[in-house]
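Written below as structure tokens is the structure these notes are about.
The values are calculated or read from the model by the stated rules, or taken from the named source; none is laboratory data. Nothing here was measured: the structure is a model prediction, and the numbers come from that model. Every residue, glycine as well, gets a Cβ built from its backbone with ideal geometry; the counts of neighbours run over all protein chains shown.
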Amino acid sequence: MTQEFRHGPLVPQVEERLRELLRQERWPVGARLPNEVRLAAELGVGRSSVREAVRLLAREGLLDVRHGAGTFVAERPAEPVEVMLRRARLLEVYEVRRALEVEAARLAARRVRPEDAEALTERLRRRQELLGGTPGEFVDADLEFHREVVELSGNAVLLGLFDSVRPLLREALVDAVVHEPDLPDVSCAHADLLAALHRGDADAAIAATERNLADVMRMISEKVAEQ
């Protein structure tokens, strides 16, 4: 089961791998997971990374940590609870995106060069080509576009933060595309962001980024309130 992980923080990647194994029913409901030492060895990571990943999955109700007894695969929550947890997690992901991407858009508008804008245009073209296609491919293209904006900010800390949470972003966004068929189409906001960066208009870049994120957050918030 040992695998190579990408460069960057391990906890989100370990969490993603354990979540995948749970989906594949590597351990059936009620089964006890290997202890922390063994699981860390099987995954090829440190015990602290496993411990934190297990804590996150337990918070979602996927694992049941019984002190003194071990960690067990929990009963799958009833559908309404599962939907609520997924939507709550999506809102958290979008809050993180807003904190990172709004500032990145502001900085990128001030620092973008003509050749940078051309590369960003290609990223957006690829995103639009995959709109309505395979969820994973579309989300990857979307995140590549937004990562390009963050990179154009010229702020290495912002870029590092974006890369560190990208596995979590991807998982939450793929789930959203699969399970929320009425997600708003934010293509116009993406086009407006690109146009603002071409012009070097920081205020317009901020507005377009906020609109892109706010439309989805509003829809999910309304659904959470209805549950």
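Only one entry in Arg87, Arg17, Arg47 is touching a helix residue (DSSP H, G or I) at 6+ places or on another chain (Cβ under 6 Å) and either closer than 28 Å to Leu159 by Cβ or in contact (Cβ under 8 Å) with a residue 12 or more places away in the chain (or both), namely Arg87.
A single member of Leu39, Leu100 is assigned by TED's automatic domain parsing to the domain that holds Pro167 and assigned to a helix (DSSP H, G or I), and it is Leu100.
Just one of the listed residues (Ala214, Ala141, Ala225) is hydrophobic (A, V, I, L, M, F, W, C) and within 19 Å of Ala119 (Cα to Cα), and it is Ala141.
In the range 102-128, the residues that are over 10 Å from Leu197 (Cα atoms) form Cβ pairs under 7 Å with partners that are part of a helix (DSSP H, G or I) and among the small types (Gly, Ala, Ser), at six or more places apart or across chains, as follows: Arg126/Ala141; Arg127/Ala141; Gln128/Ser187.
If the condition is being surrounded by fewer than 17 Cβ atoms within 10 Å (Cβ to Cβ), small (Gly, Ala, Ser) and closer than 16 Å to Arg111 by Cβ, then the range 130-173 contributes Gly154, Ala156. As a summary of the residue check, Ala58 satisfies the conditions (1) under 22 Å from Arg170 (Cβ atoms); (2) touching a strand residue (DSSP E or B) at 6+ places or on another chain (Cβ under 6 Å); (3) touching a residue at least 40 places away in the same chain (Cβ under 8 Å) except for the one numbered (3). Looking at the range 176-187, can you tell me whether even one residue there is within 23 Å of Val11 (Cα to Cα), touching a helix residue (DSSP H, G or I) at 6+ places or on another chain (Cβ under 8 Å) and touching a residue at least 24 places away in the same chain (Cβ under 8 Å)? Checking the range 176-187: at least one residue is within 23 Å of Val11 (Cα to Cα), touching a helix residue (DSSP H, G or I) at 6+ places or on another chain (Cβ under 8 Å) and touching a residue at least 24 places away in the same chain (Cβ under 8 Å).
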